[in-house]
Amino acid sequence: MKLHLAAPTGQNTFTGYGPGYVAVNDQRHEASLVVLPDRLITDWPATAFESLAPSHFEALAALGLEIVLLGTGSRIRFPSPEVI
């Protein structure tokens, strides 16, 4: 794998992560959020994996996204089929 320094593109970029946080454009976020190329949605109501509901995914679908990456914390978890 070749690693190289990425130049800023004007789009949101994950720049770090750790226990209980993710950094986007060098800004630390410790709550649930939706990261889109051109904006951040910091008031996403899904505050914990256990609270995920169909309405959360309906809101994401309304954004017209082709791919959704769901961060689930320190271990891999999958929402139930009823939720997604």
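Of the residues making up the range 63-84, those that are open to solvent by 90 Å² or more (accessible area, probe 1.4 Å) and over 20 Å from Gln11 (Cβ atoms) number 7. Against the condition of a type outside the set (Lys, Arg), touching a residue at least 12 places away in the same chain (Cβ under 8 Å) and on the phi < 0 side of the Ramachandran plot, how does Ala31 come out, does it pass? Criteria met by Ala31. Among residues of the range 30-62 being over 19 Å from Gln11 (Cα atoms) and in contact with a helix residue (DSSP H, G or I) (Cβ under 8 Å, 6 or more places away or on another chain), the one that is most open to solvent (accessible area, probe 1.4 Å) is Pro45.
The values are calculated or read from the model by the stated rules, or taken from the named source; none is laboratory data. On a predicted model such as this, the values are computed, not experimentally measured, just so you know. For neighbour counting, all protein chains shown are included, and Cβ atoms are generated from backbone atoms with ideal geometry for every residue, glycine included. What goes into the accessible areas is simple: the full protein's heavy atoms, side chains included, and nothing from ligands, DNA or RNA. Shrake-Rupley method; radii C 1.70, N 1.55, O 1.52, S 1.80 Å.
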